[in-house]
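Heads up, the thing below is written out as structure tokens.
Only the coordinates and a few stated rules stand behind these numbers; no lab work does. These numbers were taken from a predicted model, which means no experiment stands behind them. Cβ sites come from the backbone with ideal geometry, for glycine too, and all protein chains shown count toward neighbours.
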Amino acid sequence: MKAGTNLEKVLESGRFAVTAEAGPPKGTSAAVMQRKAEALRHCCDAANVTDNQTAIVRMSSLAGCVIMKQGGVDPVMQIVCRDRNRIAIQSDVLGAVALGIGNILCLSGDHQMFGNHPTAKNVFDIDSIQLIQALKAMRDEQKFLCGDDISGEVPLFIGAVANPYADPFEFRVARLAKKVKAGAEFIQTQAVYDIDKFAKWMEMVVERGLDKQTHILAGVIPIKSAGMARYMRDYVSGVTVPDELVTRMEQAQDTKVEGAKVAVEIIEQVKEIPGIHGVHIMAVGWEDIVPEIVKQAGLLPRPVL
């Protein structure tokens, strides 16, 4: 039995979806998440709440999702495999469903050496594909991983991520296919800047018919400074930022205006690529720009289903 979250309804109805991202604070302030909910409520169909992103301690995704839901946003709870074993993960999923959270995004998680507790012990008891399978079994068979029965329904809309740019490029679609086979119903991709390479990846996705089996949302990260453009080009693995985009940001009179403009152009281009079902805008720490980008891209008002 499915919950029919807002995101699920939008995607299943064939409309072009818009999701956003809301990073929880490195503290206890509910007001931080309330402000993000206010900024995103009218311009997106759902918003991801990250799970200790880049292995840095933050408010839990579950708590952040509850606050976003109270603020009128359909939350997507991210779960990384780095920090919790299968007992804790399944427990968190039951708690999320009990609190009315139906969208879950499955990730492996950044290695702890990149975060603020580099000597922490990682878990990785299960990987992201096994996590997808576990959630599907919890929903469809009402069974825990061990085979025991779950009391009550577990309505979930299951998501995963894909990186069209990581090497080896030709294996990217095969990995996506594994996630789709495991039960991923929506996919959010890594940030798209190199449109041509992304279009090639989507051609391979469409050839295998994967776009008919899952909903693919292209990732968009608005760039707010030339320094950010350079950093992403040089240091962020799995993201391809063309040199001409860095030059464009360096020459811009107002980098924030230019960065928003670039994001709108990317959305307009990916909308034309066959097999794309929506966009996922990741403006972490810059959520205020999301309504403007969505408006300029001609994606308002959002459907009310």
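Using only DSSP helix segments of four residues or longer, with each worth -39500 (n - 2.57), what per-residue ellipticity at 222 nm results for the chain after dividing by its residue count and rounding to 500? Working shown, then result.
Values: 11 runs with 121 residues, N = 305.
Calculated from helices alone, the mean residue ellipticity at 222 nm is -12000 deg cm²/dmol.
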Query - Fewest-first sequence of Thr19, Thr255 by Cβ atoms within 10 Å of each Cβ - result: Thr255, Thr19
Report task. Using the Karplus curve 6.51 cos²θ - 1.76 cosθ + 1.60 with θ = phi - 60°, work out ³J(HN,Hα) for each residue of the stretch 162-167 in order, rounded to whole Hz, and write x for Gly and Pro. Result -> 9, 10, x, 9, 5, 8
Query - Under 5 Å, built H, 5+ apart or other chain: amide partners of Phe157 - result: Asn103, Ile104
Query - Charge dipole magnitude, Cβ of K and R +1, D and E -1 - the stretch 1-76, Cα centre, debye nearest 20 - result: 180
Query raised in the report: Expressed as a whole percent, how much of the Cα-Cα distance distribution for the stretch 259-305 exceeds 14 Å?
Result: 51
Query - Exposure proxy ranking, count of Cβ atoms within 10 Å, fewest first, for Ile67, Ile101 - result: Ile67, Ile101
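Percent antiparallel among DSSP beta bridges with both residues in the chain, to the nearest 5?
Values: 1 of 34 bridges.
So the antiparallel bridges in the chain amount to around 5 percent.
What is the calculated FRET efficiency for Glu12 to Asn116, with r their C-beta to C-beta distance and R₀ = 45 Å, to the nearest 0.05? Please report the intermediate quantities before stating the final value.
Numbers: r = 39 Å, r/R0 = 0.88.
Calculated value: 0.70.
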Requested in this report: Using only alpha carbon pairs under 8 Å that are at least six residues apart, calculate the relative contact order of the chain and give it in whole percent.
Outcome: 20
Query raised in the report: In sequence order, what are the phi-derived ³J(HN,Hα) couplings for the stretch 49-59 according to the Karplus relation 6.51 cos²θ - 1.76 cosθ + 1.60 with θ = phi - 60°, rounded to whole Hz, with x for glycine and proline?
Result: 10, 6, 10, 6, 4, 6, 6, 10, 5, 9, 3
Query raised in the report: Using the Karplus equation 6.51 cos²θ - 1.76 cosθ + 1.60 (θ = phi - 60°), what ³J(HN,Hα) coupling, rounded to whole Hz, does each residue of the stretch 231-241 give in order, writing x for Gly and Pro?
Result: 4, 5, 5, 8, 10, 8, 5, x, 10, 9, 10
**Report entry** Nonlocal amide H pairs with Ile221, under 5 Å, H built at 1.01 Å
**Finding:** Val192, Met282
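Hey, fewest Cβ within 10 Å first, where do Val93, Val49 land in order?
Values: Val93 24, Val49 30.
Ordered by Cβ neighbours within 10 Å, fewest first: Val93, Val49.
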Query raised in the report: Check Lys143: other-chain or 5+ apart residues with amide H under 5 Å from its amide H, H built from backbone geometry?
Result: Met138, Ile150
Query raised in the report: With Cβ to Cβ distances under 15 Å as the rule, what net charge do the other residues near Ala20 carry (K, R +1; D, E -1)?
Result: -1
Report summary line: Counting every C-alpha pair in the stretch 103-244, the percent lying more than 27 Å apart is 33
